[in-house]
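Student: Below: one structure in structure tokens.
Here, each number is a calculation from the coordinates, and none is a lab measurement. What you are looking at is a predicted structure, and each value in this text was computed from that prediction instead of being measured. Here the Cβ is made from the backbone with ideal geometry for all residues, glycine too, and neighbour counts use every protein chain on show.
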Amino acid sequence: MAVQQRVFLNNPKLFVAPGGLNFEKHLRLHAQEKLRYFDEIARLTEDQRNMRTVTPGYIEGMTRRWMALYHGEIAAAQYMGTAAASMPFHDYFEFIACCICQQIDELSHAEMDRDMLLRAGFQLEDLPALWEECEAKVVFDHLLSLEDGFEIAFKGGFVLESANAVVGFHAMARFAEQHGDYLSAANHRTRLTDEPRHMALGVAVAKAMLADDPANIHILQQWQDEFAPLIYNFIHASRPIERIPGSNFSADAQWASIVEHHTRNALKLGLRPTLTL
Ligand SMILES: [Fe+2]
Ligand SMILES: [Fe+2]
């Protein structure tokens, strides 16, 4: 197996935790938002909480996208653990703390999705086979194959979370509600209070690398170019949503907003945008 490239800063102090994130801040943010979320879920009716109010055909149409969501959250918890463990502790304390805070977020997202899937009637033992046939699996397999902490945080945060999570979850929450799925709508909205922090971690890594050595732009461009095209697999996994009765969802329209968001963010960092329509 080829030895993977490792990236360390000449001056590790150039990495600055986005929004001054540390464990105390993370705990306070979670205490506010997650307790509000659990109260919201508790106020749903039994039928709403158990997905008995959804449009017929909704669960079938959402299945592939849900597989990407649940297994994506599990993968994110795993690859952020790898990112944290890959860096020397003292020099990269702040970066490691951000990775661990994100790992907690992703595990809590996976727990919500697991609960939702069980309520929707899935059996946990059937999920691995459904995941095997989900097109989005390659995105997470790529991230799970990496060993460099900065590469993981940049690809996962700046490319994936930015393109998919931050753009996609607002639309998914509205769509869920329109189809009587109040549980996923609540899940997406609480998830969305965490995901921008994950995107910001990717940006913070890129900024630190560029401040350390402007020539690092070539490494960032290479990372973006090899990873970003995989994002299109989410569009394949989302196609069946178009066939849910009464659906106004368009996978192509979602791709257009992902490309627009990606382009804007790439240009801000001085990168050539990779994704096109
Ligand atoms: Fe997440
Ligand atoms: Fe995330």
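Student: Taking just the alpha carbons, could you work out the radius of gyration and Dmax for segment 87-144, both in angstroms?
Tutor: Just the Cα atoms of segment 87-144 yield Rg and Dmax of 15.6, 47 Å.
Student: Determine the dipole magnitude for the chain: charges of +1 sit on the beta-carbon of Lys and Arg, -1 on that of Asp and Glu, nothing else is charged, the reference point is the Cα centre, and the result goes in debye to the nearest 20. Provide the component values of the computation, followed by the final result.
Tutor: On the way: 25 positive and 36 negative charges, 136 e Å.
Computed about the Cα centre, the dipole is about 660 debye.
Student: Next question, about the same structure. What's the exposure ranking of GLU73, GLU132, GLU33, going from fewest to most Cβ atoms within 10 Å? Each step should come with its number before you reach the end.
Tutor: Working: GLU73 22, GLU132 10, GLU33 15.
With the sparsest Cβ surroundings first, the list reads GLU132, GLU33, GLU73.
Student: Separate question: Whole Å is fine, so just give me how far the alpha carbon centre of segment 162-197 lies from that of segment 249-265.
Tutor: Each part's Cα centre sits 16 Å from the other's.
Student: What's the long-distance tail for segment 34-153, i.e. % of Cα pairs beyond 19 Å? Display every interim value, and only then the final one.
Tutor: On the way: 3991 of 7140 pairs.
Percent of Cα pairs beyond 19 Å in segment 34-153: 56.
Student: Magnitude of the Cβ-charge dipole of segment 161-277, K/R +1 and D/E -1, about the Cα centre, nearest 20 debye? Kindly include the intermediate steps, with their values, before the conclusion.
Tutor: On the way: 10 positive and 12 negative charges, 43 e Å.
That gives a dipole near 200 debye.
Student: To continue, here is another question. Under the Karplus relation 6.51 cos²θ - 1.76 cosθ + 1.60, θ = phi - 60°, what is the ordered set of whole-Hz ³J(HN,Hα) values for segment 29-46, x standing for Gly and Pro?
Tutor: Computed from phi, the couplings for segment 29-46 are 4, 5, 4, 5, 7, 6, 5, 4, 4, 4, 5, 4, 5, 5, 7, 5, 6, 4 Hz.
Student: Moving on to the next point. Just how large is the dipole of segment 65-131 about the Cα centre, in debye to the nearest 20, putting +1 at every Lys and Arg Cβ and -1 at every Asp and Glu Cβ? Don't skip to the answer; put the middle values down first.
Tutor: Values: 3 positive and 10 negative charges, 32 e Å.
Taking the Cα centre of segment 65-131 as origin, the dipole is about 160 debye.
Student: Turning to a different aspect of this structure: How far is helix 93-119 tilted off the main Cα axis of the chain, in degrees rounded to 10, range 0 to 90?
Tutor: With rounding to tens, the tilt is 10 degrees.
Student: Could you name the lysines in cross-link range of LYS207, using Cα to Cα under 25 Å and dropping any fewer than eight places away on the same chain?
Tutor: In chain and number order, the partners are LYS13, LYS25, LYS155, LYS268.
Student: Quick one: helix 167-178 against the long Cα principal axis of the chain, what's the angle to the nearest 10°, folded into 0 to 90?
Tutor: Between helix and principal axis, roughly 10 degrees.
Student: Additional query: With θ set to phi - 60°, apply the Karplus curve 6.51 cos²θ - 1.76 cosθ + 1.60 along segment 137-143 and write out the HN-Hα couplings as whole Hz, x wherever there is a Gly or Pro.
Tutor: The phi angles translate into 4, 4, 4, 7, 4, 4, 5 Hz.
Student: Once a ≥ b ≥ c are taken as the square roots of the eigenvalues of the Cα gyration tensor of segment 128-178, is the result rounded (a/c under 1.5), prolate (a/b larger than b/c) or oblate (a/b not larger than b/c)? List each step's numbers first, then the result.
Tutor: Values: a/c = 3.97, a/b = 1.35, b/c = 2.94.
In terms of gyration-tensor shape, oblate.
Student: Using Cα pairs under 8 angstrom and six or more residues apart, how large is the relative contact order of segment 18-269, in percent? All intermediate terms of the calculation are to be shown ahead of the outcome.
Tutor: Details: 284 pairs, mean separation 69.9, N = 252.
Once normalised by length, the contact order is 28 percent.
Student: Here is a follow-up. Grab the alpha carbons of segment 94-207, take their convex hull, and tell me the volume per residue in Å³. Please report the intermediate quantities before stating the final value.
Tutor: Details: hull volume 12.7 nm³, N = 114.
Spelled out: Cα convex hull of segment 94-207, divided by residues, is 111 Å³.
Student: Calculate for the chain the 222 nm mean residue ellipticity that helices alone would give, adding -39,500 (n - 2.57) per DSSP H run of length 4 or more and normalising by residue count, nearest 500 deg cm²/dmol. Write down the numbers at each step before the final one.
Tutor: On the way: 13 runs with 175 residues, N = 277.
So the helix-based figure for the chain works out to -20000 deg cm²/dmol.
Student: If I fit a long axis through the Cα atoms of helix 195-212 and take the longest principal axis of the Cα atoms of the chain, what angle between them do I get, 0 to 90°, rounded to 10?
Tutor: Tilt relative to the chain: about 10 degrees.
Student: Using only Cα atoms, what is the ratio of the radius of gyration of the chain to 2.2 N^0.38 Å?
Tutor: 1.00
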